[in-house]
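Worksheet: one structure, shown below.
Read the figures in this text as sums done on the coordinates, not as results from a lab. Note that the structure is predicted; figures quoted are calculated from it, not measured. For neighbour counting, all protein chains shown are included, and Cβ atoms are generated from backbone atoms with ideal geometry for every residue, glycine included.
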Amino acid sequence: MSSTQVQASAQTLSVESFMAEIAQQNPAQPEFIQAVHEVAEKVIPFINANPKYLNARILRRMTEADRIIIFRISWQDDAGQVQVNRGYRVQFNNAIGPYKGGLRFDPSVNLGVLKFLGFEQIFKNALTTLPMGGAKGGSNFNPKGKSDAEVMRFCQAYMTELFRHIGHFVDVPAGDIGVGGREVSYLFGQYKRLTNEFTGSLTGKGLSFGGSAIRMEATGYGAVYFAKEMMAHRQMSMEGKVATVSGSGNVALYAAEKLVQLGAKVVTLSDRHGYIYDEQGLTLEKLAQINDIKTNQRRPLSDYAKAAGCEYVEGQRPWGVACDMAFPCATQNEISVEEAKTLLANGCQVVSEGANMPTVAEGAKLFEEAKIMYGPGKAANAGGVAISGIEMTQNSMRLSWTREEVDQKLQEIMASIHEQCVEYGDDGGTVNYVKGANIAGFVKVADTMLAYGVV
Ligand code: NDP
Ligand code: 2IT
């Protein structure tokens, strides 16, 4: 045994005892505990079969963030009033590359939510095949109803602290809920001003200042490419299949666009207030109109429904609508157990998660037991961060690739993620993608951590 290995008796680890410690160490962080539990259930049997991971306590080390930065953000609103928010960056694990992950600006943001997202990001980024560690950040700032000037002042105040903790070789933030092109531009502008340096320190940038083709589309397109891979593995195609999509933000709109391009019929989209139902199926023209209303004008989906004479269901999510494929692309825990049951009862065969952890744990179990094609977020939505990685590559080269080149890379990366899931996810003849994604992501990071010794 080398000096870097920890001497320990080769006992087995139980999911229950492992989770008891996690729960005790992370009180009042239910989303984080949920995310760790999903990984622990799949990875612990594998660890018990491979004691090198057990003795070195790799999974326990992975559940402890490398470092968490929490800070005050003071800014002035348009009325001159002083506003105070809390800012975070959870730098979870940089074993295989610089910290990488999005920023979320939403009133629901708290430490537990960002730890769940940062933890997921470790495995997701490992699956992309690119050298990126896991991180997440954000603030409880609510961009809704704020003027551009207020959002700018907030972003500048946020970056005035964050800039000293990030950098293209250190930590590279990007967008997530409430952080899109406008916010990344303000954040990058302030980073550049404070450091006097033009580097790829954020991704999701505008095309004129180092952004990559297809980054905006990548998460949604990737979730559809992943579904296509799962279906091809079972000799099925998307042509003519009915899809429900939730959300109407960055991920949802481009998932819907790619579905339509591949011949599927997209019948729903949603926002925080309700969902639209279009029995004929949304067209590319309708999606462009919705994108303009939601993204450019920042108005609710109900305004589109009114303008287009489309059916709108207030206060509900779209999972009661019968479909062959479901693409949850809004937020965590947006498919309840009851909704998971309804989806299955209605014959849904594919769930590809554009959002992070959109299905409650018990609902995910039902999808696994039914052996449908269930792609968990860390595999299905990895296309976004993958193209962020490709943006970093282009920034380092000071070159940019065409849409066609980047789209080709995205398709290759999603196919490779699918292959990794197949390699590690065998479940008696079918593929369990939750098992495959978690073990494949774990192995890459765990082997690297083993190589570093006790760190
Ligand atoms: P956006 O802010 O662009 O859009 C989010 C959409 O989800 C909006 O339509 C929003 O409604 C809706 N939504 C947000 N919170 C809730 C809620 N609590 N209840 C109901 N609906 C809600 O974010 P993204 O599209 O970027 O992100 C969506 C999901 O995808 C998140 O889970 C994110 O973590 C994940 N993701 C994003 C990636 C990216 O590259 N952007 C990459 C991988 C995953 P409204 O319009 O009313 O605000
Ligand atoms: O959840 C995610 O993967 C993202 N929000 C994208 C992260 C990134 O760095 O592009």
Checklist outcome for this item: Among 282, 323, 302, the residue whose Cα sits farthest towards the positive end of the charge dipole of segment 270-326, when +1 is placed on the Cβ of each Lys and Arg and -1 on the Cβ of each Asp and Glu, is 302
Checklist outcome for this item: Treating every alpha carbon of the chain as one equal point scatterer without solvent, the Debye formula yields log10 I(q)/I(0) values at q = 0.13 Å⁻¹ of -1.20
Checklist entry - How big is the charge dipole of the chain about its Cα centre, in debye rounded to the nearest 20, if each Lys and Arg gets +1 on its Cβ and each Asp and Glu gets -1 on its Cβ? => result 1120 debye
Item to check | Farthest positive-ward along segment 31-162 dipole, Cα basis, beta-carbon charges - from 133, 40, 56 | outcome: 56
Checklist entry - What residues from segment 236-265 fall in the zone where the backbone N is under 16 Å from a label point 7 Å along the Cα-to-C-beta line of residue 280? => result 265
Next on the checklist: Using a Förster radius of 35 Å, what is the FRET efficiency between residue 170 and residue 369 based on their Cβ-Cβ separation? Nearest 0.05, please.
Outcome noted: 0.25
Checklist entry - What is the Cα centroid distance between segment 394-450 and segment 262-332, reported in whole angstrom? => result 30 Å
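Of 124/144; 42/124; 341/371; 228/258; 52/115; 100/444, which ones are farther than 18 Å apart at the Cα?
124/144; 52/115
Could you tell me what percent of the DSSP beta bridges with both partners in segment 190-340 are antiparallel, to the nearest 5?
The antiparallel fraction comes to roughly 55 percent.
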Item to check | Full-extension gain in nm, residue 361 to residue 108, via 0.36 nm per residue minus C-alpha separation | outcome: 89.1 nm
Checklist outcome for this item: For residue 49 and residue 307, extending 7 Å from Cα along the Cα-Cβ vector and measuring point to point gives, in nm, a value of 5.4 nm
Item to check | 20 °C / 1.002 mPa s Stokes-Einstein diffusion coefficient of segment 34-101, Kirkwood radius on C-alpha pairs, µm²/s | outcome: 141 µm²/s
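Using Cα pairs closer than 8 Å and at least 6 residues apart in sequence, work out the relative contact order for the chain, in percent. Numbers along the way, then the final one.
Values: 944 pairs, mean separation 71.3, N = 455.
Computed value for the chain: 16 percent relative contact order.
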Checklist entry - Cα atoms only, segment 129-171: Rg and Dmax in Å? => result 13.5, 39
Item to check | Spin-label proximity, residue 345 to segment 305-330 - amide N less than 19 Å from point 7 Å beyond Cα toward beta carbon | outcome: 316-326
Item to check | segment 159-205 - Rg and Dmax from Cα coordinates, angstrom | outcome: 9.7, 28
Next on the checklist: So if I restrict to the alpha-carbon atoms in segment 285-437, what is the Rg, and what is Dmax, the biggest pairwise distance, in Å?
Outcome noted: 18.1, 51
Item to check | Global form of segment 280-357, assessed from the alpha-carbon gyration tensor, a/c cut-off 1.5 | outcome: prolate
Item to check | Cβ-derived FRET efficiency at R0 60 Å, residue 79 paired with residue 426, nearest 0.05 | outcome: 0.50
Checklist entry - DSSP H helices in the chain with Cα extent of 30 Å or more along the helix axis and mean Kyte-Doolittle hydropathy at least -1.0? => result 403-424
Checklist entry - With point charges of +1 on the Cβ of Lys and Arg and -1 on the Cβ of Asp and Glu, referenced to the Cα centre of the chain, which listed residue (442, 392, 270) lies farthest in the positive direction of the dipole? => result 392
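Suppose we take every Cα in segment 1-124 and form the convex hull; what volume per residue is that in Å³?
Numbers: hull volume 16.2 nm³, N = 124.
Per-residue hull volume (Cα only) is 131 Å³.
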Item to check | Length released on extending from residue 400 to residue 288, taking residue separation times 0.36 nm less the Cα-Cα span | outcome: 37.7 nm
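Nearest 5 percent is fine: what portion of the DSSP beta bridges confined to the chain is antiparallel? Don't skip to the end; give the middle numbers.
Numbers: 28 of 49 bridges.
That works out to approximately 55 percent antiparallel.
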Next on the checklist: At 222 nm, what value in deg cm²/dmol follows for the chain if DSSP H runs of at least 4 each add -39500 (n - 2.57) and the sum is divided by all its residues, to the nearest 500?
Outcome noted: -15000 deg cm²/dmol
